[in-house]
1. Return the total of residues in the stretch 1-32 being assigned to a loop (DSSP other than H, G, I, E, B) and out of contact with any helix residue (DSSP H, G or I) (no Cβ under 6 Å at 6 or more places or on another chain).
2. What about residue 38, is it touching a helix residue (DSSP H, G or I) at 6+ places or on another chain (Cβ under 7 Å) and either exposed (fewer than 11 other Cβ atoms within 10 Å of the Cβ) or in a loop (DSSP other than H, G, I, E, B) (or both)?
3. Considering only residues that are part of a loop (DSSP other than H, G, I, E, B), in contact with a strand residue (DSSP E or B) (Cβ under 7 Å, 6 or more places away or on another chain) and surrounded by 10 or more Cβ atoms within 10 Å (Cβ to Cβ), which ones fall in the stretch 41-77?
């Protein structure tokens, strides 16, 4: 479905992750809706100050992850 994925090629930050494939980059979840979830399913670490660092994560930007993200959101309190 069209609404599950789009790429904003005119964005000044596109693609916003180093090493991302611009031909398969989904901007729908530009700000990850799972950021606040403990185990979000993506690749993350914590900075020395305890801030979640998702800069190496491509999980929400992979078009095939749409259903997985929506399913996780439905389970959140």
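All of the numbers you see were taken from the coordinates with simple rules; none came from a lab. Given the structure is predicted, the values throughout are model-derived calculations rather than measurements. Every residue, glycine among them, receives a Cβ derived from its backbone with ideal geometry; neighbour counts consider all protein chains shown.
1. Initial filter on the stretch 1-32 (assigned to a loop (DSSP other than H, G, I, E, B)): 1, 5-21, 25-32.
Adding the requirement that they be out of contact with any helix residue (DSSP H, G or I) (no Cβ under 6 Å at 6 or more places or on another chain) leaves 1, 6-14, 16-21, 27-28, 30-31.
Summing the residues that are assigned to a loop (DSSP other than H, G, I, E, B) and out of contact with any helix residue (DSSP H, G or I) (no Cβ under 6 Å at 6 or more places or on another chain) in the stretch 1-32 gives 20.
2. no
3. At the first step, the residues of the stretch 41-77 found to be part of a loop (DSSP other than H, G, I, E, B) are 41-44, 47-51, 54-58, 62, 76-77.
From the residues that got through so far, the ones that are in contact with a strand residue (DSSP E or B) (Cβ under 7 Å, 6 or more places away or on another chain) too are 44, 47.
Scanning the stretch 41-77 gives a single hit, 44.
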